[in-house]
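To keep things clear, I will list the structure first and then write my remarks on it.
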Amino acid sequence: MNFRHCIVFLSCLFYFGTVFSQEKDSLLTSSYQDLKQNYFKFQRSAPKIAKLYSDALVTKAIQENNTLEKHSAYIKQAYIEGYFGDLSKAISLLNESIAYAIAEENEKMLLSAISRKGTIYYDFGKYNDAITYYLKIDSLARIRKNIDYQVYSNQNIGAVKTALGDHEEAAKLFLKNEAILFPLIDQKKYSFKYLNTLIGLCSAYTYFDEQAAEKYATKIKEHSEATNDQDALSYYYVLKGILLYQQKEYSKGLEALQKAEKLIVSLGKKNSLFTVYQFQGKIHFDTEKYDKAIAVFEKIKTLKDEIRLDHFEYKEVIHKLALSYSKIANEKKAIENFKLSMQLNNANDTIRRTVNTKIKDLYDNKTIQEKIEALQKQANEKEWQRTSLIYVSFGLLLIIIILIILYRKYKINNKQKFDIILKKLQQVETEKATKSIVKTTEEKQLPDEKVLKILTALQKFEDKKLFLHNNTSLVNVAKKLNTNTSYLSKIINTHKGQTFINYITQLRIDYVLHQLKNDKLLRSYSIKAIAEELGFKSEGVFSRAFKKQTGIYPSFFIKNLTSDS
C-alpha cells in the first residue's frame, strides 16, 4: 500500500469514526424509553444495531448516575454479549444486576437477570449451570402462579430435556406453552415467546415425529416472514435442513443449511453455526464425501472457542470426524479423535447424570408430587361429595318420610272433616228443622215491622236461590228487597251474625254441599264449571271459600263422595 492509499484509508477511518461518534452521542439525548423500544425492535432482526442501543442505555445511565436503569441495561447488554459469544462478560454483567436486585429487593429485575443467566449458560452448552437457574424460576413460578415465569420455566427445562435426548418429555412442556401462548400471540410481549415455543416443538418432534416437526417448521417460516424476523428464519432453515437430512434429501438439506449459514453470518451470529456445520458434515459423511466431512468437522474444532457448542452433539462430531479419517486411511488422526471422543463421552456422562439428577430431584419429583397432591385433593373432594351425597340422600329420605306421614295425616284429617260435613248434611235433611226468622236479640234501632219484612224477604231470596246469580251484590239485593244498603247490611250483621259477603258465600257453599251430595251429574263437572254455577267470579275464589268454610277443598270432597257412592 503506497503513501497516498494510506492517507485515504486513514481519512476514511477518521470520517466514519467521527460519524459513528456523533451518532452515538445523539443516542444519549434520547429517553430511556426510546432507547429500550429501539433495542427490542432490533434485538432479533439486527443484533448489531441493538448493541448500539444497549451500549447507549448503559452509558446514559452511568453518566446520569441512575443505578436502576444501569442494571436494567446490563441485562440487555448481557444478552447481546452472549449473542456475540462473550460468555464471561455476559455473566459478569448479570452478576452485577443480580446483586443490585437482591440489595434493592427488586424481584422483577432479579427474575429477569436469573432467567437471562440460565439462557446464556444453556446457549453455551453449560447445562448443569443453566438448569440451576431454570429451576429457581420454576420454583418461583409454582409459588407465584405467574404465567410468564411458568412459560419461561417450561421453555427452558424443555430445552435442557431436548439436549439430554428426552425429546418426548420436552415436547410435552413445549405443548403446555403453546396452549398458554397461542391466545396471546397478538400481544407483542408474547409473540417472541410463542416463536421460541414453535422452535422448541419443531426441534423436539424432529427426533420422533417428522410430520409434527414439518408442521411446526412451516409455522416458524410463516411467523418469521410475517414479522420480518431474520433470526427466526435462520432457525427455520436450520431445522428444515435437519429434517431433510433425516429424510435423506441430502442435496436439499445442504441447500437449506447454506441459507441458514448465510443468514447467521449476516446477523453476526457466528457462535450459532455449530448445528449448521454439524449437519453439513453429517450429510457429507453419509454421502461418503469424507474429505468434505473432515473439512467441516475440523472447522467446528477450530472454532470451538468462538461458537456455541452443544457438548453432547460435539461428541458425535468428533466421533464422525474420527470415522471419516479412518475411511481415508489416516490412522493417526482417527486415533487422536477417537481418544478425544472417549474423553468427551465420559465428560458428557458426568454432565448428563448431574443434570438429570437435578431435574429429577428438583423438577420431575416436584411435578409428580404436585400431581399426587392434585389427585389427593380430587379424591378428598370426591369423598366429601360422596359423604355429602349420603347425608343429602338421608335428609331427602327423611323429608320424604315426614311428608308422607304429614300427607297421610292430612288425608286422615280431611277424611274426618268430610265425614263431619256429610253427617251434618244428613242431619239437616232428616230433621227437617225450620229456622227462626227473627233472632232473640231485638234490633233497637229499627222498627220490628221493618226488620220482619226484610227478614221475610231475605228468606224468599234464599228459597229462590237468587244468591247464585253472578251479579249478586249488596246494592242489587237491597234494591230487590225495597230497602237501602245500610238497613240491609245492619239486619244481616245483627240477625245472620256475619257480613253481607260472608252471608252470600255461606249460602252458596251450603247449597253446593247439598247439591254435590245428591247430584252425581254435578260431581262430574269441573271445579271451574261448578264455581260458575254458584256465581263465583273464579275457580280460585270458590275453592278458597269452600276450604275456609269446610276445612277441605271441593276436589277432595267430590273425590270422597264419588268413592263412597
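The values are calculated or read from the model by the stated rules, or taken from the named source; none is laboratory data. In this text, all values refer to a predicted model and were calculated from it rather than measured experimentally. Here Cβ is always computed from backbone atoms with ideal geometry, including for glycine, and neighbour counts include all displayed protein chains. Surface accessibility is based on the protein's heavy atoms, side chains included, excluding ligands, DNA and RNA. Shrake-Rupley method; radii C 1.70, N 1.55, O 1.52, S 1.80 Å.
Annotations
- Applying the criterion of being farther than 28 Å from TYR314 by Cβ and aromatic (Phe, Trp, Tyr) to the residues of the stretch 131-183, the residue that is least open to solvent (accessible area, probe 1.4 Å) is TYR149.
- The number of residues in the stretch 288-313 being at pLDDT 90 or above, open to solvent by less than 50 Å² (accessible area, probe 1.4 Å) and either closer than 13 Å to ASP123 by Cβ or assigned to a loop (DSSP other than H, G, I, E, B) (or both) comes to 0.
- The stretch 527-539 - residue that is part of a loop (DSSP other than H, G, I, E, B) and of a type outside the set (Gly, Ala, Ser) and, of those, nearest to LYS424 (Cα to Cα): PHE536
- For ASP86: the one exception among (1) touching a residue at least 60 places away in the same chain (Cβ under 8 Å); (2) surrounded by fewer than 20 Cβ atoms within 10 Å (Cβ to Cβ): (1)
- Failed condition for ALA179, given (1) of a type in the set (A, V, I, L, M, F, W, C); (2) closer than 30 Å to TYR149 by Cβ; (3) in contact with a Leu (Cβ under 6 Å, 6 or more places away or on another chain): (3)
- Considering residues of the stretch 211-248 that are outside any helix (DSSP H, G or I) and either touching a helix residue (DSSP H, G or I) at 6+ places or on another chain (Cβ under 6 Å) or within 26 Å of ALA50 (Cβ to Cβ) (or both) only, the residue most open to solvent (accessible area, probe 1.4 Å): ASN228
- Considered as a group, the residues in the stretch 27-53 that are among the small types (Gly, Ala, Ser) and without any contact (Cβ under 8 Å) to a residue 60 or more places away in the chain include one that is surrounded by the most Cβ atoms within 10 Å (Cβ to Cβ), and that residue is ALA50.
- Some residue of the stretch 515-535 being over 30 Å from ASP448 (Cα atoms), touching a Gly at 6+ places or on another chain (Cβ under 6 Å) and open to solvent by 30 Å² or more (accessible area, probe 1.4 Å): no
- Subset of the stretch 59-77 (residues that are open to solvent by 50 Å² or more (accessible area, probe 1.4 Å) and β-branched (Val, Ile, Thr)): ILE62, THR67
- Checking ASN482 against (1) assigned to a helix (DSSP H, G or I); (2) modelled with pLDDT under 90, the condition it does not meet: (1)
- Residue satisfying condition, being farther than 20 Å from ALA159 by Cα and either out of contact with any helix residue (DSSP H, G or I) (no Cβ under 6 Å at 6 or more places or on another chain) or buried (at least 20 other Cβ atoms within 10 Å of the Cβ) (or both), within set ALA113, ALA56: ALA56
- The one condition in (1) open to solvent by 20 Å² or more (accessible area, probe 1.4 Å); (2) in contact with a helix residue (DSSP H, G or I) (Cβ under 8 Å, 6 or more places away or on another chain) that ASP186 fails to fulfil: (2)
Table: residues versus (1) without any contact (Cβ under 8 Å) to a residue 12 or more places away in the chain; (2) assigned to a helix (DSSP H, G or I); (3) closer than 22 Å to LYS411 by Cβ.
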| site | (1), (2), (3) |
| --- | --- |
| ASN493 | yes, yes, no |
| GLN498 | yes, no, no |
| GLN506 | no, yes, no |
| TYR511 | no, yes, no |
| TYR525 | yes, no, no |
| VAL541 | yes, yes, no |
| ASN560 | no, yes, yes |
| SER563 | yes, yes, yes |
